[in-house]
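In what follows, a single structure is set out as structure tokens and then discussed.
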Amino acid sequence: MREVKKDKVADALPGSQWSPFEMNPNLPPERADIVIIGGGVIGWSIAYWLKKKERVRDGVKVIVVEKDPTYSQASTVLSAGGIRQQFSLTENIQLSLASADFMRNINEHLGVLNQEPVDLQFNHSGYLFVANESVAHIMEENYSTQRFAGAKVSLLSPVQLKEKFPWINTEDVALASYGLENEGWFDPWTLLNAFRQKAISMGVIQSIGEVTGFNCTLNRMDTVDGETVDVKRIKHVNVRMPNSREYQPVECAIVVNAAGAFSAKLVDMMGIGTGPKDTLSGMALPVEPRKRFIYVFNCPDGPGLDCPFLVDYSGIYFRREGLGGNYITGTSPEEDAEPDVSNLDVDHEFFQEKIWPSLAHRVPAFESLKVTSAWAGYYDYNTFDQNAILGIHPLAQNMFFATGFSGHGLQQSPAAGRAVAELILDGSYQTLDLKGLGFQRIMAKEPLLEKNIV
Amino acid sequence: MWNCLIVLVERAMFVLYGSRFAFRVNMAAPLVPLQRFCKLASLHVCGRRRLWSSSVATPPSLYKRLLLALTQRFYDVEILLNWRSQLKSQALQKKNASLTPLEHEHLNTVSHTDRASLGYYHYTQEHYGDNVASAYFILNMHGSFRYAGQSEWFRSDSSGKFSWDFVNQKDSLLEEVDLGHTVINQMGLGNLVGNPLRTLSLRGCHEVDDWALARLHVFQDTLEELDISCCPHITIGGLAALRNLKGLHRLNVSSLPRLGSPGLVIIMLEEMLPLCQVTAKGYDLSLTQLGGN
């Protein structure tokens, strides 16, 4: 009885949490400066960098809204986890190099006092791209771009390739490109968690909920071409609680769209991109989810510790997983044979038909293997040019985009997060110049395509 | 006097009713800057989820637990401890100052401390050349080296003094370098680039990790002997980086505490480096009996 009375007295005094109205304690705050929609590695990277760059303690109030705390469909955790600098676009190489430098000193950046140091389990095994005669010239051009941008890559002739990796079949190989440093694979879940713990320790608020709509103000304007467009400014983000109809309109200044494969849904909610095609008001976000499969197989006679992340010109890739003769593999399907994206079910026939023949051709030891497991994940596929979209849409005045990475989001996340944080807090890019990855290229219809061999 | 009274009352409340109530009472106290409101978010600040990591065999000492408790309650202690760890890492980066500035745009990702320490060996490099600067760096780190074509080793004695004869040998290239039990890290290893090293010893270096091993690919043509035993931060991911050193003849990977299955790793290393003789002592390689009938 005395305990009950003590509790009642404690509740009645000012400063206690008791209130006669029952309110969901998990609602996000009513007001915030920046709302980041999407709690994947990109979202948390942006949140971390925003807090790192604020010049006063609690300078910006940042909320990260994530609809699925189990991350069951998130692209980050379903990724193969590779990082490479072997791109053809300088922006991509720079993003990747900067991210590798970040991961090199990850404890300096993301170490939380009194927590265990972050262990990414980074395997420094490098990427190996294998080209035949018809695409060898592309590889050579890319090699000089990569070297100029600072990537440590080397070109190998078929003889050198066979010497280094005797288990490769080099009969149709003309040239190979091998990463020497800063390339390999790591654990995406660790990176995500490290960003999240550090960001939360710096004061970012995590909110579990789904964004169901926006309250925007409208400004009707005329462009120089005489087109009438509606320029929207987001005032409130409606965050709905899981399994409930309760929602909280979060008043905010800036919204960051880091929703990955589902980014286009947010743009539809705002009503952007519904105008006639080839006009500014018809410019939607060209990002859609694409399903990709990863298969795990076991081959006891396969390549050993020096097995790189091999990418073949036919499109297949594989890498070693652990020390027990397990490997993971996958490929991109043809444009017209894209699998259905409504669920994450795996198509096992795809492995038999499309992947295994090329695998066995490239590595004869893989003729006998056993598939032990498989999973599927979404790419936030940029249908325009398969490269990231960073920046502001002309018709959404305060929505910053960090999406469309098309499979490279994880490896570019630290640097992309920093770039977007610079855009928001400094107004322009400070370290890496990524203006080429903005919406300008979509408006001008000039795709910034990667000239890769796959 | 009033301050002391308030603090005493607050302490008493804390003891009797728990931290939540005590902080409520004290909200308007003048000692607010030293105390923290009991918001849920603040509990995350210093990893309060686990008081200590579950992998540590024994709980940390009383001193560490006291520091942890203080850090969770006071901003000042948290900031001071952050400063202390930052100063430590800055001192380490300064010791490992890079000879050559990083040429590319990703220099901007280098933290401010690294950029500040870039100029330390610049004077030596300008006046005596890269080779002398590398030699000076090694002696400063309390390591030792031997030039190609000579048989005497240049080393510093226990108090850190060394002879300056190496200054006259501007064109000699390093052949054997012993940086065992020093604080060399991946940045410092970049200072040895350009020398045709045949032997490199990083025995017992606490700052050498997987990324440092990844930088060794610059010596892939000449390196014959590598000793990375007793380095606590090397894991299997870093050993995979030795793939480039195909000319290696002797490799010592004894006593690496973070290797999960050392027997298997040794076999795979021998397979990866065919010319190499792998020495791996300090592991319990006996076969364990699996339980069951």
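The values are calculated or read from the model by the stated rules, or taken from the named source; none is laboratory data. This structure is a prediction, so every number in the text was calculated from the model and none was measured. Because the Cβ atoms are built from the backbone with ideal geometry, glycine has one as well, and the counts that use them run over all protein chains shown. Remember, those area values only see protein heavy atoms, side chains included, never the ligands or the DNA or RNA. Shrake-Rupley method; radii C 1.70, N 1.55, O 1.52, S 1.80 Å.
Would you mention how many residues in the stretch A:146-165 are in contact with a Phe, Trp or Tyr (Cβ under 8 Å, 6 or more places away or on another chain) and within 21 Å of A:Ser96 (Cβ to Cβ)?
Of the residues in the stretch A:146-165, 5 are in contact with a Phe, Trp or Tyr (Cβ under 8 Å, 6 or more places away or on another chain) and within 21 Å of A:Ser96 (Cβ to Cβ).
Could you list, in sequence order, all residues of the stretch A:331-380 that are among the basic types (Lys, Arg) and surrounded by fewer than 18 Cβ atoms within 10 Å (Cβ to Cβ)?
Within the stretch A:331-380, just A:Lys370 meets the criteria.
Any residue in the stretch A:44-56 that is farther than 18 Å from A:Val77 by Cα sitting within a Cβ distance under 7 Å of a residue that is of a type in the set (Phe, Trp, Tyr) and assigned to a helix (DSSP H, G or I)? List the pairs, counting only those 6 or more apart or interchain.
Within 7 Å, the pairs are A:Tyr48/A:Phe195.
Being open to solvent by 10 Å² or more (accessible area, probe 1.4 Å) and among the aliphatic types (A, V, I, L, M) is the filter here; which residues of the stretch A:396-430 pass it?
A:Leu410, A:Leu423, A:Ile424, A:Leu425
Among the residues of the stretch A:193-211, what is the count of those that are hydrophobic (A, V, I, L, M, F, W, C) and either under 13 Å from A:Asn26 (Cβ atoms) or in a helix (DSSP H, G or I) (or both)?
6
Name the pairs whose Cβ atoms lie under 6 Å apart, with the first residue in the stretch A:122-133 and facing chain B (nearest Cβ under 7 Å) and closer than 22 Å to B:Leu242 by Cβ, the second part of a loop (DSSP other than H, G, I, E, B) and not charged (D, E, K, R), and 6 or more positions between them or separate chains?
A:Phe122/A:Phe186; A:Ser125/A:Pro308
Looking at (1) more than 13 Å from A:Phe297 (Cα to Cα); (2) in contact with a helix residue (DSSP H, G or I) (Cβ under 9 Å, 6 or more places away or on another chain); (3) open to solvent by less than 50 Å² (accessible area, probe 1.4 Å), which one does A:Tyr313 not meet, given that it meets all the others?
With respect to (1) more than 13 Å from A:Phe297 (Cα to Cα); (2) in contact with a helix residue (DSSP H, G or I) (Cβ under 9 Å, 6 or more places away or on another chain); (3) open to solvent by less than 50 Å² (accessible area, probe 1.4 Å), A:Tyr313 is out only on (3).
Can you list residue pairs whose Cβ atoms sit under 9 Å apart, with the first residue in the stretch B:255-279 being at positive phi and the second being among the hydrophobic types (A, V, I, L, M, F, W, C)? Count only pairs 6 or more apart in sequence or on different chains.
Pairs found: B:Ser255/B:Cys230; B:Ser255/B:Cys231; B:Ser255/B:Ala280.
I'd like to verify a number: residues in the stretch B:255-293 that are in a loop (DSSP other than H, G, I, E, B), more than 21 Å from B:Phe219 (Cβ to Cβ), within 24 Å of the chain's Cα centre (by Cα) and not aromatic (Phe, Trp, Tyr), how many?
Selection size over the stretch B:255-293: 9.
Considering only residues that are more than 19 Å from the chain's Cα centre (by Cα), more than 18 Å from A:Leu50 (Cα to Cα) and of a type in the set (Gly, Ala, Ser), which ones fall in the stretch A:416-454?
A:Ala444
Given the conditions (1) within 12 Å of chain B (Cβ to nearest Cβ); (2) part of a loop (DSSP other than H, G, I, E, B), report the number of the one that A:Val173 does not fulfil.
The single condition A:Val173 does not satisfy is (1).
Within the stretch B:248-279, count every residue that is more than 14 Å from chain A (Cβ to nearest Cβ) and either among the polar types (S, T, N, Q) or buried (at least 19 other Cβ atoms within 10 Å of the Cβ) (or both).
First, the residues of the stretch B:248-279 that are more than 14 Å from chain A (Cβ to nearest Cβ): B:249-250, B:252, B:254-256, B:277, B:279.
Narrowing further to those that are either among the polar types (S, T, N, Q) or buried (at least 19 other Cβ atoms within 10 Å of the Cβ) (or both): B:252, B:254-256, B:277, B:279.
Matching residues across the stretch B:248-279 total 6.
Would you mind finding the one in A:Asp11, A:Asp7, A:Asp58, A:Asp33 that is closer than 24 Å to A:Ala415 by Cα, out of contact with any Ser or Thr (no Cβ under 9 Å at 6 or more places or on another chain), surrounded by fewer than 23 Cβ atoms within 10 Å (Cβ to Cβ) and within 11 Å of chain B (Cβ to nearest Cβ)?
Testing whether each residue is closer than 24 Å to A:Ala415 by Cα, out of contact with any Ser or Thr (no Cβ under 9 Å at 6 or more places or on another chain), surrounded by fewer than 23 Cβ atoms within 10 Å (Cβ to Cβ) and within 11 Å of chain B (Cβ to nearest Cβ) leaves just A:Asp58.
Select, from A:Val173, A:Val135, the only residue that is among the aliphatic types (A, V, I, L, M) and touching a strand residue (DSSP E or B) at 6+ places or on another chain (Cβ under 7 Å).
Criteria check complete, one pass: A:Val173.
Among what's in the stretch A:295-304 and is in contact (Cβ under 8 Å) with a residue 40 or more places away in the chain and open to solvent by less than 10 Å² (accessible area, probe 1.4 Å), pick the residue that is farthest from the other protein chains (Cβ to nearest Cβ).
To start, the set of residues in the stretch A:295-304 that are in contact (Cβ under 8 Å) with a residue 40 or more places away in the chain comprises A:295-299, A:301-303.
From the residues that got through so far, the ones that are open to solvent by less than 10 Å² (accessible area, probe 1.4 Å) too are A:295, A:297, A:299, A:303.
Values: A:Tyr295: 22, A:Phe297: 19, A:Cys299: 15, A:Pro303: 9 Å.
It comes out as A:Tyr295.
Any residue in the stretch A:411-434 that's over 15 Å from A:Ile254 (Cα atoms) and within 11 Å of another protein chain (Cβ to nearest Cβ): show its pairings with residues that are not in a helix (DSSP H, G or I) and not aliphatic (A, V, I, L, M) at Cβ separation under 8 Å, as long as the two are six or more apart or on different chains.
From residues that are over 15 Å from A:Ile254 (Cα atoms) and within 11 Å of another protein chain (Cβ to nearest Cβ), the pairs are A:Arg418/A:Thr431.
Of everything in the stretch A:212-226, what is of a type outside the set (S, T, N, Q), open to solvent by less than 70 Å² (accessible area, probe 1.4 Å) and assigned to a loop (DSSP other than H, G, I, E, B)? Give them in sequence order.
Across the stretch A:212-226, the qualifying residue is only A:Gly226.
Does A:Leu285 fit the bill of being surrounded by fewer than 23 Cβ atoms within 10 Å (Cβ to Cβ) and more than 14 Å from chain B (Cβ to nearest Cβ)?
No: the conditions fail for A:Leu285.
Among (1) open to solvent by less than 50 Å² (accessible area, probe 1.4 Å); (2) part of a loop (DSSP other than H, G, I, E, B), where does A:Pro242 come up short?
(1)
Name the one entry in A:Leu155, A:Leu161, A:Leu180 that is among the aliphatic types (A, V, I, L, M), more than 8 Å from every other protein chain (Cβ to nearest Cβ) and open to solvent by less than 20 Å² (accessible area, probe 1.4 Å).
A:Leu161
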